[in-house]
Amino acid sequence: MILKNFLGINKVSNQSQVIKMWNEEFHINKIIKDIKFIHIGKCGGTSIMNYLLRNRVFLDEYHLKKPPLNEKIQYFMWVRDPVSRFISAFNHLKEIVEFPIEMIDNPLKLTLKDCPAPGKIINKCKKGFAFSKTLDEAIMKFDNADDLISSLHSTNKSLRFSAESIMNSNYEHIKKGIAWYLHKGKFIEKNHHKFLMVGRIETFKEDLNILLKGLNLEPYESEPHLRKSKIRTENKISEISKKYLIKNYLAEDYYCLELLKEKSLIKDYSQKII
């Protein structure tokens, strides 16, 4: 992770306003106008944004949408080992789909403290499904990420079809990994000089405190990750599944990590599943 000088880069507005996110209202008195966060799913981004908002700071993010290749702006982002990110993305889907809505008194008062995704859980309470009836049913067929990956090359056509529908879905973070946000590496080649820093979830606290120092904010100490998966027993996959996943789905993510290393934006990266 490399940090560039923030001074003279971020123009701010001190006009106070209220911003609503995740069914919560945040009172903002500092808006950073020319730094944007490339928020790759399941890389700690919600915790970062929440911390900034609770410190009355707001900046724009690219989340579930790609940043344009040509933009006069500065960026920061967080990355993660792609296999670990994939497992977390599947666990996140499963937690949402299987969330016990019968325990909810008032869905409209849900926040990230109560559930993994207030909007999706409200949708489930209203319509009976979080994403779509077909996708919810597909997710429920698989016990864990390893089960999903194994089914991608199963002789059972029904299971294989369900697994492929999850992998190809535009909902949430399965399909939208590092390479998706970074235009398969083109974004790094064109805009590497615009990055203030690239943090890693594996060194989350250390890297976040570097960012906060650059923004003249209080350090991050003991607040836990938001939306951290409660599915802790299903965070590994077999070596066979890992190799299949990297070869068929994650090769471009690892290529992007190599590019970030080549451009001196990260020092190194391990393929170890954490």
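The values are calculated or read from the model by the stated rules, or taken from the named source; none is laboratory data. Keep in mind that this is a model prediction, so the values were computed, not measured. Glycine gets a Cβ as well: all are built from the backbone with ideal geometry, and neighbour counts include every protein chain shown. Side chains included, ligands, DNA and RNA excluded: accessible areas come from the protein's heavy atoms. Shrake-Rupley method; radii C 1.70, N 1.55, O 1.52, S 1.80 Å.
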Problem set entry | Residue satisfying condition, being open to solvent by 70 Å² or more (accessible area, probe 1.4 Å) and over 29 Å from TYR255 (Cα atoms), within set LYS186, LYS124, LYS133 | LYS133
Exercise. Which is part of a helix (DSSP H, G or I), in contact with a strand residue (DSSP E or B) (Cβ under 9 Å, 6 or more places away or on another chain) and over 30 Å from ASN144 (Cα atoms), of LEU53, LEU59?
Worked result: LEU53
For this session: Test each condition in (1) surrounded by fewer than 18 Cβ atoms within 10 Å (Cβ to Cβ); (2) of a type in the set (Lys, Arg); (3) modelled with pLDDT of 95 or more for LYS236 and report the one that comes out false.
Result: (3)
Exercise. If only one of LEU64, LEU108 is surrounded by fewer than 16 Cβ atoms within 10 Å (Cβ to Cβ) and either in contact with a Leu (Cβ under 8 Å, 6 or more places away or on another chain) or in a helix (DSSP H, G or I) (or both), which one is it?
Worked result: LEU108
For this session: Can you confirm whether segment 185-194 contains a residue that is in a loop (DSSP other than H, G, I, E, B), polar (S, T, N, Q) and either out of contact with any Asp or Glu (no Cβ under 9 Å at 6 or more places or on another chain) or touching a residue at least 40 places away in the same chain (Cβ under 8 Å) (or both)?
Result: no
Seminar exercise, completed: SER229 passes all but one of the listed conditions (1) over 18 Å from ILE266 (Cβ atoms); (2) under 19 Å from the mean Cα position of the chain (by Cα); (3) crowded, with 17+ Cβ neighbours inside 10 Å; (4) at pLDDT 95 or above; the exception is number (4)
Problem set entry | So LYS205, is it modelled with pLDDT under 95, part of a helix (DSSP H, G or I) and either open to solvent by 70 Å² or more (accessible area, probe 1.4 Å) or among the hydrophobic types (A, V, I, L, M, F, W, C) (or both) | yes
Problem set entry | Selected residue (criterion: surrounded by the most Cβ atoms within 10 Å (Cβ to Cβ)) from residues of segment 83-105 that are free of Cβ contacts under 8 Å to residues at least 24 places away in the same chain and part of a helix (DSSP H, G or I) | MET103
Problem set entry | Residue among LEU245, LEU257, LEU250 that alone is buried (at least 16 other Cβ atoms within 10 Å of the Cβ), modelled with pLDDT of 95 or more, closer than 14 Å to ARG200 by Cα and out of contact with any Asp or Glu (no Cβ under 7 Å at 6 or more places or on another chain) | LEU257
For this session: For segment 190-201, state whether one or more residues are of a type in the set (Gly, Ala, Ser), under 21 Å from the mean Cα position of the chain (by Cα) and modelled with pLDDT of 85 or more.
Result: yes
Exercise. Is segment 132-145 home to any residue that is among the polar types (S, T, N, Q) and under 30 Å from ILE32 (Cα atoms)?
Worked result: no
For this session: Inspect all residues belonging to segment 75-82 and state whether any of them is in contact with a Gly (Cβ under 8 Å, 6 or more places away or on another chain), basic (Lys, Arg), open to solvent by less than 10 Å² (accessible area, probe 1.4 Å) and not in a strand (DSSP E or B).
Result: no
